[in-house]
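Notes follow once the structure below has been shown.
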Number of protein chains: 2
Amino acid sequence: MRIAVDVMGGDHAPEQILAGALEAAPESDGEILLVGCPDAIRRTSRDPFPKNVRVVEATQVIQMCDPPVEALRRKKDSSLVVAANLVRNGEADAMISAGNTGAVAAAAHILWKCLPPISRPGIATVMPALNGRFVLIDSGATPDCTPKHLVEFAVMGSVYAQTVLGVKEPRLGLLNIGTEEAKGNALTKQTYKLLKASLPNFAGNVEGKNIFDGEFDVVVCDGFAGNVVLKTSQGMAELMKTMMSGILPKNRVLRALIGPVLRRGWNEFMKRTDYAEYGGAPLLGVNGLCFICHGHSNAKAIRNAIRMARRGHEARLNDRISKWAAEVHGEPVSAS
Amino acid sequence: MRIAVDVMGGDHAPEQILAGALEAAPESDGEILLVGCPDAIRRTSRDPFPKNVRVVEATQVIQMCDPPVEALRRKKDSSLVVAANLVRNGEADAMISAGNTGAVAAAAHILWKCLPPISRPGIATVMPALNGRFVLIDSGATPDCTPKHLVEFAVMGSVYAQTVLGVKEPRLGLLNIGTEEAKGNALTKQTYKLLKASLPNFAGNVEGKNIFDGEFDVVVCDGFAGNVVLKTSQGMAELMKTMMSGILPKNRVLRALIGPVLRRGWNEFMKRTDYAEYGGAPLLGVNGLCFICHGHSNAKAIRNAIRMARRGHEARLNDRISKWAAEVHGEPVSAS
């Protein structure tokens with residue numbers, strides 16, 4: 001398999017991106033394509049590359065602040081567009097970028113189109129839970145959704161949990177504002193009925209306060225609500241950290257004893273919620289494998305994203321999504 | 001002023017509700033109407049009541065598990081319906097209940113109707129922030145909203161922050177999934193334009209991770225997103241508490257030293273986020289004052305809710321909402 005890595009995207013590009021890609025190379029039996037400016041790449045890493053690493057030239061860079069769709073149009077020779085085109089043209093199987101999230105999602109969606117029969121892409125983010133983790137989908141790609149989109153997200157998230165995270169029978173929950181079937185807004189009420197009728201792993205509604213209980217492996221919602229969940233969790237964690245550190249005792253000895261424990265607890269928590277552990281979030285439902293990494297990504301995050309992409313490719317993630325979604329929609333499975 | 005208290009609603013009813021109402025009586029110059037079963041009330045409190053406390057009989061009780069609208073129809077002599085009718089008939093100025101939240105909201109909405117020119121009610125919940133607090137509206141009353149509803153919530157939340165919480169010039173934020181004007185779903189994009197054009201205190205979009213920063217006094221959103229924010233925050237806080245307690249050192253002496261500090265930090269945090277501090281959340285936009293208290297409400301929560309109701313009444317909360325909303329809608333102000 002060949003993985004195109006956007007070496008120029010991210011706050012710590014190209015150094016950390018390059019480092020992560022080079023760390024991943026020895027454990028990869030396929031090829032890693034470093035897409036970016038050859039000069040910048042060479043300045044960063046002077047050692048000869050492993051045999052399965054190759055540079056693909058791109059002269060432009062899409063910045064974090066660039067308006068996504070416009071940037072794709074204006075910067076046709078940017079590392080992101082070149083990487084996306086490698087996948088579109090069959091020269092790579094997956095793309096990884098820690099650049100401008102909106103631009104990465106737009107590049108995959110516009111240049112690759114949706115994966116038939118999926119109608120909208122969704123970002124699958126791994127979140128921490130008691131004794132485990134769960135997949136939140138969509139965490140921001142499609143803010144306006146129909147019930148059909150949510151059913152597709154449910155399929156995509158379930159297949160991702162199975163193939164990449166190794167959850168045999170993922171329990172699926174619908175994010176809602178009550179657990180009873182009749183609760184919710186128009187979208188969730190209709191979606192509930194569709195999920196109940198079509199997905200055997202659907203286990204009912206789940207409220208925001210229970211998503212972290214570890215009872216659900218996949219939580220499905222529209223991209224607006226999902227982004228609200230993701231960012232409210234981050235904000236709440238930050239608020240608690242600040243409040244907890246404000247209650248350290250005045251006594252210096254006690255302070256010296258307790259401070260490190262609090263910090264360790266916090267670090268443990270952050271590790272559990274660390275994007276780098278999962279390498280980034282896949283944009284599912286597009287016609288190719290796309291991993292969107294956090295802007296702050298370090299080498300470890302990139303290496304893990306490459307691992308996830310490999311796992312998704314080996315498990316034929318997209319074929320499985322296509323097949324299950326076609327069954328759910330009652331459409332004939334295309335012979336791809 | 002006269003405040004109708006649903007003595008039979010809540011997990012700790014009637015004891016804690018009664019205790020809270022009786023604590024509030026001496027500091028109230030108006031009348032407190034205890035709505036419920038006279039026998040149950042007398043069994044709970046045998047001392048003679050203060051002069052400004054009066055029992056209003058109601059023979060039925062709406063249970064926590066009753067389906068809201070059906071319960072209102074079937075239990076016409078329930079403490080909740082009797083209390084709501086006291087307000088409707090002008091025999092009370094406000095209603096307070098810790099009972100079935102859906103039923104309380106439905107009683108106020110159905111029996112009182114909306115406060116002209118408001119078209120949908122919204123629950124205003126006070127949430128903790130760095131160095132303060134903010135009002136989240138709607139936190140669950142109206143899950144499906146139009147931009148007009150959100151503008152009305154913005155007015156209602158701003159007036160509540162001014163009159164009851166004492167924030168002179170409340171900074172208003174629109175909950176969104178990006179800070180730029182063009183970000184969001186169809187609802188927030190349109191709402192942004194309306195808010196910008198009509199509310200001088202509108203300060204832009206705010207993301208979930210920044211609502212706790214203390215930069216906004218009022219955060220407006222539809223009832224689905226608001227409920228997701230509220231409950232995700234609770235779930236995240238619980239998750240962090242569990243994770244932090246899991247990292248206590250094995251050494252018994254250290255454990256004995258650190259445990260209490262962690263607990264104190266947690267309690268401090270819970271106090272900041274404690275519903276009882278604000279006594280409950282007002283259902284705004286209905287034609288009367290309605291405070292929905294948490295099911296777990298203790299005497300303190302009820303006493304504080306009575307205080308909030310008094311403050312709202314004295315500050316003519318609803319008149320101000322009507323006036324501002326009419327101005328925003330460009331409608332003539334009715335001579336009420």
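The values are calculated or read from the model by the stated rules, or taken from the named source; none is laboratory data. Values in this document were obtained by computation on a predicted structure and should not be read as measured data. So basically every Cβ, Gly included, is an ideal-geometry build from the backbone, and we count neighbours across all protein chains shown.
Residues of the range A:166-191 that are of a type in the set (V, I, T), touching a helix residue (DSSP H, G or I) at 6+ places or on another chain (Cβ under 6 Å) and more than 9 Å from chain B (Cβ to nearest Cβ): A:V167, A:T191.
Test A:G99 against the stated conditions and say whether it is on the phi > 0 side of the Ramachandran plot and either among the small types (G, A, S) or in contact with a Pro (Cβ under 9 Å, 6 or more places away or on another chain) (or both). Here the answer is no, as A:G99 does not meet what is asked.
Of all the residues in the range A:241-259, those that are assigned to a helix (DSSP H, G or I), more than 8 Å from every other protein chain (Cβ to nearest Cβ), over 13 Å from B:L254 (Cβ atoms) and modelled with pLDDT of 75 or more number 3.
Listed by first and then second residue, the pairs with beta-carbon distance under 9 Å, at least 6 apart or on different chains, first residue in the range B:303-330 and in contact (Cβ under 8 Å) with a residue 60 or more places away in the chain and more than 17 Å from B:V167 (Cα to Cα), second surrounded by fewer than 21 Cβ atoms within 10 Å (Cβ to Cβ) and among the β-branched types (V, I, T), are B:S322/B:V333; B:A326/B:V333.
Do the conditions hold for B:A335, that is, is it buried (at least 20 other Cβ atoms within 10 Å of the Cβ) and either assigned by TED's automatic domain parsing to the domain that holds B:G10 or modelled with pLDDT of 95 or more (or both)? Taking the combined requirement at face value, the residue does not satisfy it. The test for being surrounded by fewer than 20 Cβ atoms within 10 Å (Cβ to Cβ), touching a residue at least 24 places away in the same chain (Cβ under 8 Å) and under 16 Å from B:F291 (Cβ atoms) does not hold for B:G10.
Scanning the range B:185-213 for residues that are within 20 Å of B:N131 (Cα to Cα) and in a helix (DSSP H, G or I) yields B:G208, B:K209, B:N210, B:I211, B:F212, B:D213. Listed by first and then second residue, the pairs linking a residue in the range B:223-240 that is facing chain A (nearest Cβ under 7 Å) and closer than 18 Å to B:D144 by Cα to a residue that is in a helix (DSSP H, G or I) and hydroxyl-bearing (S, T, Y), with Cβ atoms under 6 Å apart and 6 or more places separating them unless they lie on different chains, are B:V229/A:T232. Selection of the range A:206-215 for residues being crowded, with 24+ Cβ neighbours inside 10 Å and more than 9 Å from chain B (Cβ to nearest Cβ) yields only A:V206. Being more than 21 Å from the chain's Cα centre (by Cα), modelled with pLDDT under 80, within 14 Å of chain B (Cβ to nearest Cβ) and crowded, with 20+ Cβ neighbours inside 10 Å is true of A:L262. Just one of the listed residues (B:N176, B:N131) is in the same structural domain as B:E268 (by TED's automatic domain parsing), touching a residue at least 12 places away in the same chain (Cβ under 8 Å), over 19 Å from the mean Cα position of the chain (by Cα) and at positive phi, and it is B:N131. Put simply, of B:A106, B:A98 the only residue that is within 21 Å of B:I62 (Cα to Cα), over 13 Å from the mean Cα position of the chain (by Cα), modelled with pLDDT of 95 or more and not assigned by TED's automatic domain parsing to the domain that holds B:A197 is B:A106.
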